[in-house]
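Below: the structure, in structure tokens.
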Amino acid sequence: MNTKYRKTIVAGNWKMNLLPSDVKNYSAALMKLYGKNHFCEAVVCVPALMAIPMLRALRGSKIAVGVQDVSAEDSGAYTGEISAAMLADAGVKYVIVGHSERRRMHGETNAMIAKKLRQVLAAGMTPILCVGETLEERDGELAEDVVRLQLRSALYGLTGLDMRHVVIAYEPVWAIGTGRTATPAEAQQMCEGIRAAVRKLFGARVARAVTIQYGGSMNPANAAQLLSQPDVDGGLIGGASLDPEKFYQILEAAKE
Ligand code: PEP
């Protein structure tokens with residue numbers, strides 16, 4: 001982390017877990033733990049259905065609400081989709097874009113992800129752009145090329161000003177939900193490479209200010225070491241964010 005130049009952001013990703021009836025207890029527990037001490041930006045990315053109850057439940061706290069996906073389109077005949085304008089109007093602040101589960105299971109391409117990212121920015125929210133390689137790609141020494149391509153196709157054409165509102169999450173696919181975490185050195189190496197790619201596209205000032213999270217089986221036991229890396233500015237947390245106590249412990253690890 002480098003809190004002098006950039007924001008530390010720790011975001012939970014509930015994925016398709018918990019129920020609307022769990023929102024009250026979860027938010028009360030998290031607010032009790034995190035209400036007063038504020039170490040970093042805390043975000044809970046819930047299923048879209050739970051965004052409004054979560055916003056209500058967290059009112060008065062500094063914990064932000066995010067969701068996990070958005071439509072690539074503005075509005076119209078897109079049954080089942082939720083637009084960026086709808087989310088922003090409800091008060092949502094963050095949207096995960098390009099999560100590997102959506103790339104893999106829902107056929108999301110780099111081009112679709114680029115459109116979604118622009119929708120989120122146009123609506124005044126912050127996209128958390130997920131990038132990361134599969135195990136085959138890492139074993140084939142393609143990890144850096146894959147991540148660079150994912151970054152370039154999502155970010156190409158944005159302005160430096162847009163980039164002030166973009167968060168990048170490095171999530172090696174082989175570490176997500178597997179219990180296998182990248183070592184702090186592996187996480188640092190790729191996050192440093194991501195910052196270098198942003199520097200190439202947008203210049204040194206933008207690169208210095210961009211928040212780059214690590215995601216992939218981060219938990220209370222490994223968070224402090226991962227977050228102590230100079231280019232790791234936070235975490236995107238799946239499994240461990242479902243328990244407010246564990247999520248809080250990770251937030252606490254982001255204390256300098
Ligand atoms: C994720 O879903 O983005 C993630 C990192 O999950 P987990 O922490 O469970 O590996």
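Pairing each residue of the stretch 171-190 that is more than 24 Å from residue 102 (Cα to Cα) with any residue that is within 14 Å of the ligand (Cβ to nearest atom), provided the two are 6+ apart or on different chains, yields C-beta distances under 6 Å for 184/226. Residue-level analysis places residue 59 outside the set of residues that are more than 14 Å from the chain's Cα centre (by Cα), over 27 Å from residue 22 (Cα atoms) and of a type outside the set (Gly, Ala, Ser). Here residue 182 meets each of (1) modelled with pLDDT of 95 or more; (2) touching a Pro at 6+ places or on another chain (Cβ under 6 Å); (3) over 30 Å from residue 54 (Cα atoms); (4) not β-branched (Val, Ile, Thr) with one exception, condition (1). For the stretch 134-172, a residue qualifies if it is within 16 Å of the ligand (Cβ to nearest atom) and within 27 Å of residue 93 (Cα to Cα), and the qualifying residues are 147, 150, 167, 168, 169, 170, 171, 172. If you go through the stretch 96-122 and keep only what is of a type in the set (A, V, I, L, M, F, W, C) and in contact (Cβ under 8 Å) with a residue 40 or more places away in the chain, you end up with 96, 97, 111, 112, 113, 114, 117, 120, 121. Residue 103 meets all of the listed conditions (1) within 13 Å of the ligand (Cβ to nearest atom); (2) among the basic types (Lys, Arg); (3) at pLDDT below 95 but one, namely (3). Read through the list (1) among the polar types (S, T, N, Q); (2) within 16 Å of the ligand (Cβ to nearest atom); (3) under 22 Å from residue 66 (Cα atoms), then give the number of the only condition that residue 178 fails. Residue 178 satisfies all of (1) among the polar types (S, T, N, Q); (2) within 16 Å of the ligand (Cβ to nearest atom); (3) under 22 Å from residue 66 (Cα atoms) except (3). In the set (1) loosely packed, with under 13 Cβ neighbours inside 10 Å; (2) modelled with pLDDT of 95 or more; (3) not basic (Lys, Arg), the condition left unmet by residue 10 is number (1).
Listed here are the helices (runs of 4 or more DSSP H) enclosed by the stretch 198-256 that have at least 2 residues being closer than 23 Å to residue 150 by Cβ and away from the ligand (no atom under 14 Å from the Cβ): 204-209.
Of all residues in the stretch 143-165, those that are of a type in the set (Lys, Arg) have Cβ atoms under 8 Å from Cβ atoms of residues that are at pLDDT 95 or above, 6 or more apart or on another chain, in 148/193; 148/197; 152/197; 152/201; 164/206; 164/209. Among the residues of the stretch 198-212, those identified as touching a residue at least 40 places away in the same chain (Cβ under 8 Å) and either aliphatic (A, V, I, L, M) or out of contact with any Ser or Thr (no Cβ under 9 Å at 6 or more places or on another chain) (or both) are 198, 201, 203, 205, 206, 208, 209, 210, 212. The criterion of at least 3 residues that are closer than 25 Å to residue 172 by Cα is met, among helices (runs of 4 or more DSSP H) falling completely within the stretch 14-125, by 100-105, 110-122.
The values are calculated or read from the model by the stated rules, or taken from the named source; none is laboratory data. Fair warning: this is a prediction, and the values are worked out from it, not measured in the lab. All Cβ positions, glycine included, derive from the backbone under ideal geometry; neighbour counts span all protein chains shown.
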